[in-house]
Amino acid sequence: MNDLLEGFRLVGQMDVLIAILASSIYGLVVGSLPGLSATMATALLVPVTFYLSPIAAVATIISASAMAIFSGDIPGCLLRIPGTPASAAYTDEAYAMTRKGQAELALGTGLWFSAVGGIIGTLSLVVMAPLLAEVALNFSSYEYFWLAVLGLMCATLVARSSPVKAIASMLLGLLVSCIGMENPAGAPRFTWGQPDLLGGIEPLPALVGVFALSEVMRALATFDPPPLPRRKFGSIMAGQWALTKIYQWPMWRGNVIGIIIGVLPGAGADMAAWVSYAMSKRFSKTPEKFGTGHPEGLVEAGASNNASLASGWVPALLFGIPGDTITAIAIGVLYMKGLNPGPTLFTERASSMYALYIIFILANIIMIPLGIIMIRLAAHVLRAPRASIMPIILMLCAVGAFATGNNMFSVLMVGFFGVVGYVMERNGYPVAALVLGIVMGSMVEQSFVTSLIKSDNSLLPFIDRPISGVLAAITAGALLWPVGAWLLRRRTRTRPPLQRPA
Amino acid sequence: MQLSDRVTGGFLVALGGVAVYGASLQPGVPGQDVGPSVFPTIIGLGLIGCGLLILLRVGHSFEAPDDVIPAAPGEALPQPPRFAEIRAFIPPLLLVFYTLVADWLGFLPTAAVMVLVVALALGARWRLALPLAVLAPLGIATIFMKLLRVPLPDGILPLPW
């Protein structure tokens, strides 16, 4: 109880409240601009968090990412261009509603169910994290190894791309993490005699390059999005309560799916939205209405992607394994601020954990008024020409990377990873898998080598300990899943096509 | 830069080979079988395997057609700009430019050049690009140097306040 009060006191400090408000506005604006994703918003925030108190630093990341995931719905609904990848699953549906003259309803649905999903996801975090922390205390390097590998496998599964290419991306990330002296022998590895490489590749410049610089590059290679027609909005929140009652069951399903996908290491909001939208269509009583401007899928997927955001912090806080690309960044900030992830975080720093929960709830509550303002201002924000935004993003890439270590080498790394990310994306190699590989590489290697040394080079303890056995089985399933899906697809394809009523 | 699966797959095989070779050069840890070479060897072998599978176009059917949303009926997709593939490499080249000249030219002039180039490349008029090239670096420098205390290079033109 004392911890809870202490948590409230921590959040109630002026700098934290200002950080929440400012980063919320920042998240809303960045998320609503097409091409600028929630991950990018978070990556560019990191240099700012260096100078904040620990709680304020975490607060900026939580509020900016939650707002960005919601506001990605806005251009999706109005322009048919998803603002963030997490909105892509239902962009067509939302745009169809706009064409039917129901833009308010579609945007309101996105806003209301984002907030509901965020709050329910937070509650799941509150309930699950301490319970899992008990279990996690028994984990040894074998279990950590499998958890990390499972996270990497999930990252390859969620990519809507060739699984082979996704695994290749992940391996590339792991290879990058091999660079430097942090290895079992402490010897310089793959450094080519460069002193700058001795410390290894910092994840942040790589993230900024892959997610932010490559976006500036893409902007130069593509056409301008169409201008947004001016429109007057009616009441945004009207009818949302009725929708909540009608689609109560899909909403809960969306929340639960979002929570599960969020907890899975490596899988995040994008995946949650795609799965939930597909599920909603599959189990709907009126699947034929999907795609014609039907709010049911929006309810389910909108709740799902925000729910996954909060539960994605479960593996991040407990094991230091990112639940998605956003928490991959957050973990770095947690370490920097002395909130080292691990099960003991919940016993030794309980008040900070309560503060974190409170920030989540608070961010999802203020999302509603701020979101309404944002929707009304969207016409102006979306009118800002790319020619004025992209140069600023480029400068923020340079300065942000420089700020991480005050050296120019990081700036070069941003350029390098920007090119890598751009070329990979163009050729169907998912970049999220690359990034998770870079972030988790040293953990995978360390737990693997430690385990091997402990077991005297025997691989048996990797599978015969109860928890590690289960984790190994899930990982194997994740690896074999694409093969199964491929076989299944081949079988159905050889069958004669079903007669469908036109 | 759209490359064929043959090129990217071949590159991965080569990179995997280099990784395995590089790993074999790593010094061992005395009295211990697992050293710094184990992990890169496994990754290298994995990359070779993936590269070969990509060369054989395994898993190609899983690739989503494209992230670009198809045009709505009755709407034509505008053509991408000319030299799109070359233009895309302007931003990383500008970052190289930044690392080369920022230390003696200073943050403000270097950033102004970069902002101007990107804005003009994106089709901004001079009316927008010039004020942006003056104001954006000033704003960023103020936030990062004064508030966040990042030592950006002063060069020939320090921040006036």
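Just the residues that are at pLDDT below 80 and under 14 Å from A:A432 (Cβ atoms), please, taken from the stretch A:153-182.
Scanning the stretch A:153-182 gives A:C154, A:A155, A:T156, A:L157, A:V158, A:A159, A:R160, A:S161.
I'd like to know if the stretch A:208-220 contains one or more residues that are assigned to a helix (DSSP H, G or I) and of a type in the set (K, R).
Within the stretch A:208-220, one or more residues are assigned to a helix (DSSP H, G or I) and of a type in the set (K, R).
For the stretch A:311-321, state whether one or more residues are open to solvent by 10 Å² or more (accessible area, probe 1.4 Å), among the hydrophobic types (A, V, I, L, M, F, W, C) and more than 19 Å from the chain's Cα centre (by Cα).
Looking through the stretch A:311-321, none of the residues is open to solvent by 10 Å² or more (accessible area, probe 1.4 Å), among the hydrophobic types (A, V, I, L, M, F, W, C) and more than 19 Å from the chain's Cα centre (by Cα).
Using the structure shown, decide if B:P27 is at pLDDT 70 or above, part of a loop (DSSP other than H, G, I, E, B) and at negative phi.
Here the answer is yes, as B:P27 does meet what is asked.
Based on what the data block shows, is A:L459 open to solvent by 90 Å² or more (accessible area, probe 1.4 Å), closer than 27 Å to A:A166 by Cα, modelled with pLDDT under 85 and not in a helix (DSSP H, G or I)?
Judged against the criteria, A:L459 is a match.
Restricting the search to the stretch A:448-474, which residues are more than 20 Å from B:I42 (Cα to Cα) and within 14 Å of another protein chain (Cβ to nearest Cβ)?
Correct list: empty.
Please find, among B:L55, B:L25, the residue that is within 27 Å of the chain's Cα centre (by Cα) and either within 16 Å of A:C178 (Cβ to Cβ) or more than 7 Å from chain A (Cβ to nearest Cβ) (or both).
Unique residue meeting the criteria: B:L55.
When you check A:G441 against the structure, is it within 24 Å of the chain's Cα centre (by Cα), surrounded by 13 or more Cβ atoms within 10 Å (Cβ to Cβ) and within 25 Å of A:G199 (Cα to Cα), yes or no?
yes
Quick one: in the stretch A:385-422, of everything that is among the small types (G, A, S) and within 7 Å of chain B (Cβ to nearest Cβ), which residue is farthest from B:V150 (Cα to Cα)?
It comes out as A:A387.
A:V149 - would you say it is more than 14 Å from every other protein chain (Cβ to nearest Cβ), in a helix (DSSP H, G or I) and either surrounded by fewer than 24 Cβ atoms within 10 Å (Cβ to Cβ) or in contact (Cβ under 8 Å) with a residue 24 or more places away in the chain (or both)?
Spelling it out, it is not the case that A:V149 is more than 14 Å from every other protein chain (Cβ to nearest Cβ), in a helix (DSSP H, G or I) and either surrounded by fewer than 24 Cβ atoms within 10 Å (Cβ to Cβ) or in contact (Cβ under 8 Å) with a residue 24 or more places away in the chain (or both).
Scan A:I81, A:I119 and give me the residue that is over 18 Å from the mean Cα position of the chain (by Cα), surrounded by fewer than 24 Cβ atoms within 10 Å (Cβ to Cβ) and hydrophobic (A, V, I, L, M, F, W, C).
A:I81
Take A:G193 and decide whether it is without any contact (Cβ under 8 Å) to a residue 40 or more places away in the chain and within 19 Å of A:V414 (Cβ to Cβ).
For A:G193, the condition - without any contact (Cβ under 8 Å) to a residue 40 or more places away in the chain and within 19 Å of A:V414 (Cβ to Cβ) - is not met.
Can you tell me how many residues in the stretch B:88-106 are in contact (Cβ under 8 Å) with a residue 40 or more places away in the chain, more than 8 Å from chain A (Cβ to nearest Cβ) and in a helix (DSSP H, G or I)?
2
Could you list, in sequence order, all residues of the stretch A:59-86 that are modelled with pLDDT under 80 and of a type outside the set (A, V, I, L, M, F, W, C)?
A:R80, A:P82, A:G83, A:T84, A:P85 - these are the residues of the stretch A:59-86 that are modelled with pLDDT under 80 and of a type outside the set (A, V, I, L, M, F, W, C).
Do we have B:I48 as modelled with pLDDT of 75 or more, in contact with a helix residue (DSSP H, G or I) (Cβ under 8 Å, 6 or more places away or on another chain) and either part of a loop (DSSP other than H, G, I, E, B) or within 7 Å of chain A (Cβ to nearest Cβ) (or both) here?
So B:I48 fails the test.
Got at least one residue in the stretch A:340-353 being part of a helix (DSSP H, G or I), out of contact with any Phe, Trp or Tyr (no Cβ under 8 Å at 6 or more places or on another chain) and at pLDDT 85 or above?
Checked against the condition, which is being part of a helix (DSSP H, G or I), out of contact with any Phe, Trp or Tyr (no Cβ under 8 Å at 6 or more places or on another chain) and at pLDDT 85 or above, the stretch A:340-353 yields at least one hit.
Could you list, in sequence order, the residues of the stretch A:212-225 that are crowded, with 18+ Cβ neighbours inside 10 Å and over 9 Å from A:F417 (Cβ atoms)?
Passing the criteria: A:A212, A:E215, A:V216, A:M217, A:R218, A:A219, A:L220, A:A221.
Give me a count of the residues in the stretch B:124-161 that are within 8 Å of another protein chain (Cβ to nearest Cβ), under 24 Å from B:L93 (Cβ atoms) and open to solvent by 60 Å² or more (accessible area, probe 1.4 Å).
Result for the stretch B:124-161: 1.
Cβ-Cβ distance below 9 Å, separation of 6 or more or different chains: which pairs start in the stretch A:444-461 with a residue that is within 16 Å of A:G173 (Cβ to Cβ) and end on one that is open to solvent by 60 Å² or more (accessible area, probe 1.4 Å)?
As it stands, the answer is A:E445/A:E182; A:Q446/A:E182; A:F448/B:I42, since those pairs meet every condition given.
How many residues are of a type in the set (A, V, I, L, M, F, W, C), open to solvent by 30 Å² or more (accessible area, probe 1.4 Å) and within 29 Å of the chain's Cα centre (by Cα) if we restrict to the stretch B:28-52?
4
Restricting the search to the stretch A:317-327, which residues are more than 29 Å from A:T109 (Cα to Cα) and of a type in the set (A, V, I, L, M, F, W, C)?
Once the filter is applied, which keeps residues that are more than 29 Å from A:T109 (Cα to Cα) and of a type in the set (A, V, I, L, M, F, W, C), the stretch A:317-327 yields A:L317, A:L318, A:F319, A:I321.
If only one of A:V58, A:V127 is in a helix (DSSP H, G or I) and free of Cβ contacts under 8 Å to residues at least 12 places away in the same chain, which one is it?
A:V127
The values are calculated or read from the model by the stated rules, or taken from the named source; none is laboratory data. Everything quoted here is computed from the prediction, not taken from an experiment. Using ideal geometry, Cβ is built from the backbone for each residue, glycine included, and neighbour counts are taken over all protein chains shown. Keep in mind that these areas ignore ligands, DNA and RNA; they rest on the heavy atoms of the full protein, side chains included. Shrake-Rupley method; radii C 1.70, N 1.55, O 1.52, S 1.80 Å.
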